[in-house]
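Below is one structure, written out as structure tokens; the observations come after it.
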Amino acid sequence: MLRIAICDEDYIFIRKMEEYIGEIEEENLNMDFKVISFSSSVEFLEAINSGEIFDIIFIDIEMEKVTGIEIGKVIRTKFDTVLVYIANTFQYFVELFSIKPFGFLRKPLKFSDFKHIFFVIYKHIFDTNVFYEFTSKRLSLRVKFRDIIYFKSNRRQITIYTINGNYDFNGKLSDVYSVAKNFDFMMIHKSYVVNYNHIMKISYDYVVMNNGDKIDISERKKKEIRKLYMQICEKNHFKVMD
């Protein structure tokens with residue numbers, strides 16, 4: 001069962017979202033959702049701070065007492081979720097960069113548009129449970145791609161830096177990248193393959209990962225990486241325009 005939260009001060013919009021999700025669930029018997037709605041940003045923040053966890057969150061950006069941006073920053077310190085912002089305009093991209101929302105919805109929202117977006121989200125949630133498998137010290141191990149921060153190569157030894165620790169194994173970084181590139185990884189240097197989803201900051205010369213590690217982008221890859229980064233952004237951060 002997927003737990004879905006809707007937070008918007010517009011009660012009519014909440015009811016419409018609930019209807020849309022209900023229709024999708026009725027049409028797809030393999031899907032099971034629990035929807036919890038909040039018409040108060042304060043109450044939603046209290047729920048988050050009390051330990052409530054959701055797989056998908058649809059939240060309005062512009063709310064009176066606590067904004068969606070402020071709540072998003074709190075959420076990112078507590079648990080991993082698909083965060084989708086709702087807005088009348090798209091003028092908050094700079095402020096939202098550190099929060100890394102999955103996408104944006106624009107009011108008014110048609111069912112056909114919402115259905116398309118919802119299936120993109122649904123596929124993303126289950127695709128992120130894909131593992132990278134390797135052998136280390138004669139043990140067969142596997143790590144979720146979403147938990148890998150980056151790969152580092154030193155000759156024939158590769159180190160995987162993950163949110164739960166590091167692992168060493170023997171192999172070629174080019175072989176690693178041939179698989180990892182399908183999961184939003186970028187080869188920014190002959191010795192580094194980094195996970196786009198764990199990049200905290202990117203400049204023309206380097207990236208800073210969310211574990212604090214700063215990694216240089218090789219001179220010959222700078223233009224290529226900038227282009228690839230924007231392509232991944234476009235793929236993962238969709239817009240719905242009216």
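The values are calculated or read from the model by the stated rules, or taken from the named source; none is laboratory data. All figures in this text were calculated on a predicted structure; none of them were measured in a lab. Neighbour counts run over all protein chains shown; Cβ positions are idealised from the backbone, glycine included.
Can you pull out every residue in the stretch 1-49 that is assigned to a loop (DSSP other than H, G, I, E, B) and more than 23 Å from the chain's Cα centre (by Cα)? Across the stretch 1-49, the qualifying residues are 9, 10, 28, 29, 30, 39, 40. Just so you know, in the stretch 109-158 the residues that are in a helix (DSSP H, G or I) and hydroxyl-bearing (Ser, Thr, Tyr) include one that is farthest from residue 13 (Cα to Cα), and it is 122.
Please go through the stretch 56-72 and pick out each residue that is buried (at least 18 other Cβ atoms within 10 Å of the Cβ) and in a loop (DSSP other than H, G, I, E, B). Of everything in the stretch 56-72, those that are buried (at least 18 other Cβ atoms within 10 Å of the Cβ) and in a loop (DSSP other than H, G, I, E, B) turn out to be 61, 63. Of all residues in the stretch 97-113, count the ones that are polar (S, T, N, Q) and at pLDDT 75 or above. Going through the stretch 97-113 one residue at a time, the tally reaches 1. Got at least one residue in the stretch 112-133 being surrounded by fewer than 16 Cβ atoms within 10 Å (Cβ to Cβ), of a type in the set (Asp, Glu) and within 30 Å of residue 23 (Cβ to Cβ)? Among the residues of the stretch 112-133, at least one is surrounded by fewer than 16 Cβ atoms within 10 Å (Cβ to Cβ), of a type in the set (Asp, Glu) and within 30 Å of residue 23 (Cβ to Cβ), which makes the answer yes. Filtered by the rule that a residue be among the small types (Gly, Ala, Ser) and in contact (Cβ under 8 Å) with a residue 24 or more places away in the chain, the stretch 8-46 gives 37, 39, 40, 41.
Residue-wise test of (1) within 18 Å of residue 17 (Cβ to Cβ); (2) among the polar types (S, T, N, Q); (3) buried (at least 18 other Cβ atoms within 10 Å of the Cβ); (4) modelled with pLDDT of 85 or more.
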position	(1), (2), (3), (4)
45	no, no, yes, yes
54	yes, no, yes, yes
74	no, no, no, yes
77	no, yes, no, yes
95	no, no, no, no
